[in-house]
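Heads up, the thing below is written out as structure tokens.
The values are calculated or read from the model by the stated rules, or taken from the named source; none is laboratory data. Note that the coordinates shown come from a computational prediction; the quantities given were computed from them, not determined experimentally. Glycine also receives a Cβ, built like all others from the backbone with ideal geometry; neighbour counts cover every protein chain displayed.
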Amino acid sequence: MSGPTLLDSLFQRSLEDLIKGLRLYVGDESTFISKSLDEIRREIKSTDPQTKSIALQKLTYLHSIHGVDMSWASFHAIELSSSHSLNFKRVAYLAASLSFDPSTTDVILLLTNQLRKDLQSPNSHEVSLALNALYFIATPDLARDLTPEVFILLNSNKGSTRKKAIALILRLFELYPDAVRVCFKRLVENLENSDPGIVSAVVGVFCELARNEAKSYLPLAPEFYKILVESRNNWLLIKVLKIFLELAPLEPRLGKRLVEPICDHLKRTGAKSLAFECVRTIVTSFSEYEFAVRLAVEKIKEFLNDDDPNLKYLGLQALTIVAPKHLWAVMENKDFVIRSLSDADANIKLEALQLVLAMVSEDNVMDICKVLINYALKSDPEFCNEILGCILLACSRNVYEIIVDFDWYVSLLGEMTRIPHCQKGEEIENQLVDIGMRVKDARPQLVRVGRDLLIDPALFGNPFVHRILSAAAWVSGEYVRFSKNPSELVEALLQPRTSLLPSSIKAVYIQSAFKVLTFYVHHYISTKGVISSASQGVEDLMHGRVQENPQFVRTGPVADSDTDDGGLNPMMLHRPVRDVSVESFEDMSVAHEWIYAFHVLLCFFSLPREWRLLLLKLAFSSSESHYKTPGPT
Amino acid sequence: MIKAVMVINGLGKPRLSKFYEFQPAEKQQELIRHVYAVLSGRPDNVSNFIRSLGTVFGPDTRLVYKHYATLYFVFLFDNSENELAMLDLIQVFVETLDKCFKSVCELDVVFNYSKMHTILDEIILGGQVLETDSVEVMRAVEEISKLESTTSAGTMINKSIPSWWAR
């Protein structure tokens, strides 16, 4: 591409023209942009600073707003920065700030001298430009070379320059740690300055520094304390409070001295920002001082009752911080928290949910869960699942520490499954099986709930819930002896709709169907004693099945699922010998039992042969891996 | 510290963006898009804060935004800044723009790209707040404009022809 001609300079389009052109352009922007880029590439090589500046300005705009790459123009920016005109300098430094990458742009070092000159300039605006640009492009070398100049500016006569130098010094400390030795003293001296803006800037820097390494700044605590007690500038006080948040945990004696002034500020101030910061500081670091916490909670209540949603949200946040140590504060505001669950603002809803769960304990878990489920039914899917997730988490914490009545909890899990938006299939599945294995007394209820889930046709439609059906099937098969009507279970397990389920879940269904079947058969054999030709026939049938699948013959000894100790896999299907409790069956007649047993067998044998083989293979191959054994209860 | 300042219009177009924590150019555009996606889903009359922005920014990062007419003014910061104070700072920024452009509208923001940066640079440097009084900021910006117009008086002859015709 040739250099710019005189015509180019005369007819150069300004930034305004470019923006107008972009706005009016009909069609794909990128064609217009690439055309402009070609123009810019020619114009920027011009020796005339005006042309160069306009070209660079346009390029910076395209880079910043449209993401166009301008790394090829870095040298031009550096060339332009040596101009005497403030205009051009500004354009050059802005281009540098927005496009130079300190880690990859290698021409940055060429700017060192120019920056030094500008930092020493009598014109404070040139100094400002240099300070600003230096923040964005500083490398360790640049930081090392220019620290002396910035050091001088820390004592500048002009307040605004001083503030900017102070703000920049943080970056220099990061890149060139030796700068700390040089500048620290002057930085601290600036704490005594009468201009609250300058003191704010210094305190801001210390706030950042203290977050990384609070211990080194502990000696400065007396200075900060003086500011805390004397200053009336809100920005300054907020920053000082943030510093004390970091320092207080390191020095317990600080707490005693700080609590009073902080409470004073809290009582006196009209500024919500400062009030909130005081509250946050008290509840985070000084929560052992009862009177302070009480004062803070009063203020929180004020925030909660305000109409401004920002204050409500911040109030809830503060309550969340208070909750672990001072639950009474949350209980006092219980009604508000529960009302907030239906607020229009998603933030507020989430905070309220966290608080409700903080309040949960053995006594109120049933009421709270009832309220939460009601809200879940009324909410959008996202929040509904948040609620469900939180309930599941809170109830299962510490191996179900807060649950006293497992029957109720198991029915709750069933209810949750039925909620249309429920996506918590995996967690509910895990909990159902977990409870089944740990809590013997809950097993009858578990089977009842499992049956309800299995016969409910609507659940097949929600893919997230299929895993729960798998758990329901497993539970029904495993604890079938508690069931009132096992034939219903078998029908549910073998219904045609199960073809909608993924194969791993179908496998569990088949296994459970077999479990129920073997339960029937065993029950018949054990109550009727030995041998008529009918029972022989059943045994033959069983062996007939065995011959179809050699795997069955190879399996090891019988596993007894009654014990809860960890070594056994309760999912092993092949245990014809069982200790069965037969209370539920006393009313059934023998004929009924036979009919049911053969009913099941008929369903199975009515499937085509290939299907039967396939199903058996699936059942036995996936059975071992499906459920994990629990640890000791 | 303040991590980024963005001004995005109601259709997702960025009008101004400054990142005080270095991000490569594509990442910047991605961040702007992400912020817009989050903001456009918010109804009015809700709080102006957004807490968890996912893993796009850092874990600590919060966002404060204010919706004025067609523009979203967004400040991203970490927990060394107070949320309500940041809200006030947005207010200061917008007030200054108002004073500067006499009842500012989106078009002013679009066509005065450099001036926007100048104003912002008087309020925030390196993620630290410099000035919280819009009067002071105005004063500094006016001084700069005066200085720049006197130096450019000597170069008026070189101005491009289309802008001659416009006058």
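So the values come out like this:
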| item | result |
| --- | --- |
| Test set (1) closer than 27 Å to A:Arg171 by Cβ; (2) away from chain A (no Cβ under 11 Å); (3) of a type in the set (Val, Ile, Thr); (4) touching a helix residue (DSSP H, G or I) at 6+ places or on another chain (Cβ under 7 Å) - B:Ile90 fails condition number | (4) |
| Subset of the range A:281-296 [crowded, with 23+ Cβ neighbours inside 10 Å and either farther than 16 Å from A:Pro261 by Cα or within 14 Å of chain B (Cβ to nearest Cβ) (or both)] | A:Thr281 |
| Unique residue being surrounded by 23 or more Cβ atoms within 10 Å (Cβ to Cβ) and either touching a His at 6+ places or on another chain (Cβ under 7 Å) or at negative phi (or both) when the list is A:Leu250, A:Leu258, A:Leu254, A:Leu245 | A:Leu258 |
| Matching option when the condition is in contact with a strand residue (DSSP E or B) (Cβ under 8 Å, 6 or more places away or on another chain) and at pLDDT 90 or above, among B:Leu125, B:Leu71, B:Leu84 | B:Leu71 |
| Criterion (without any contact (Cβ under 8 Å) to a residue 40 or more places away in the chain, closer than 24 Å to B:Thr132 by Cα and more than 14 Å from chain B (Cβ to nearest Cβ)) met by exactly one of A:Ile238, A:Ile262 | A:Ile262 |
| Filtered residue count, the range B:88-143, keeping only those that are assigned to a loop (DSSP other than H, G, I, E, B) and either charged (D, E, K, R) or surrounded by fewer than 18 Cβ atoms within 10 Å (Cβ to Cβ) (or both) | 5 |
| Residue match in the range A:222-231 (condition: closer than 22 Å to A:Ile169 by Cβ, part of a helix (DSSP H, G or I), in contact with a Ser or Thr (Cβ under 9 Å, 6 or more places away or on another chain) and of a type in the set (Asp, Glu)) | no |
| The range A:31-53: number of residues that are part of a helix (DSSP H, G or I) and either more than 46 Å from the chain's Cα centre (by Cα) or not hydrophobic (A, V, I, L, M, F, W, C) (or both) | 14 |
| Helices (runs of 4 or more DSSP H) wholly inside the range A:99-195 containing at least 3 residues that are in contact (Cβ under 8 Å) with a residue 12 or more places away in the chain and over 20 Å from B:Tyr20 (Cα atoms) | A:112-119, A:124-137, A:140-153, A:178-189 |
| Single condition B:Arg51 does not satisfy, out of (1) within 9 Å of chain A (Cβ to nearest Cβ); (2) crowded, with 21+ Cβ neighbours inside 10 Å; (3) not polar (S, T, N, Q) | (2) |
| Candidate set from the range B:69-81 (those that are more than 18 Å from B:Gly127 (Cβ to Cβ) and not aromatic (Phe, Trp, Tyr)); member that is surrounded by the most Cβ atoms within 10 Å (Cβ to Cβ) | B:Leu71 |
| Residues located in the range A:46-102, provided they are closer than 18 Å to A:Asp17 by Cβ, more than 10 Å from chain B (Cβ to nearest Cβ) and of a type in the set (Ser, Thr, Tyr) | A:Ser46 |
| Hits in the range A:124-180 - residues which are under 23 Å from B:Leu147 (Cβ atoms), more than 40 Å from the chain's Cα centre (by Cα) and of a type in the set (Ser, Thr, Tyr) | A:Ser124, A:Ser128, A:Ser156, A:Ser160, A:Thr161 |
| From the options B:Lys66, B:Lys27, residue that is more than 8 Å from every other protein chain (Cβ to nearest Cβ), surrounded by fewer than 17 Cβ atoms within 10 Å (Cβ to Cβ) and over 17 Å from A:Ser64 (Cα atoms) | B:Lys66 |
| All positions within the range A:339-376 that are over 23 Å from B:Ser40 (Cα atoms), not in a helix (DSSP H, G or I) and not charged (D, E, K, R) | A:Met359, A:Val360, A:Ser361, A:Asn364 |
| Test: A:Arg90 is at pLDDT 90 or above, in a helix (DSSP H, G or I) and of a type in the set (D, E, K, R) | yes |
| Failed item, numbered, when B:Asn79 is tested on (1) assigned to a loop (DSSP other than H, G, I, E, B); (2) more than 19 Å from A:Leu350 (Cα to Cα); (3) touching a Phe, Trp or Tyr at 6+ places or on another chain (Cβ under 7 Å) | (3) |
| The range A:86-124, subset hydroxyl-bearing (Ser, Thr, Tyr) and within 19 Å of B:Leu125 (Cβ to Cβ), residue surrounded by the most Cβ atoms within 10 Å (Cβ to Cβ) | A:Tyr93 |
| Residue in the range B:2-12 that is outside any strand (DSSP E or B) and either at the interface with another protein chain (Cβ under 10 Å from one of its Cβ atoms) or in contact with a strand residue (DSSP E or B) (Cβ under 6 Å, 6 or more places away or on another chain) (or both) present | no |
| Flag if A:Ile348 is in contact (Cβ under 8 Å) with a residue 40 or more places away in the chain, within 14 Å of chain B (Cβ to nearest Cβ), closer than 30 Å to A:Pro381 by Cβ and among the hydrophobic types (A, V, I, L, M, F, W, C) | no |
| Tally of residues being under 18 Å from B:Phe77 (Cα atoms) and either buried (at least 16 other Cβ atoms within 10 Å of the Cβ) or small (Gly, Ala, Ser) (or both) across the range A:207-242 | 12 |
| Members of the range A:484-506 that are touching a residue at least 60 places away in the same chain (Cβ under 8 Å), of a type in the set (Gly, Ala, Ser) and closer than 19 Å to A:Leu601 by Cβ | A:Ser487 |
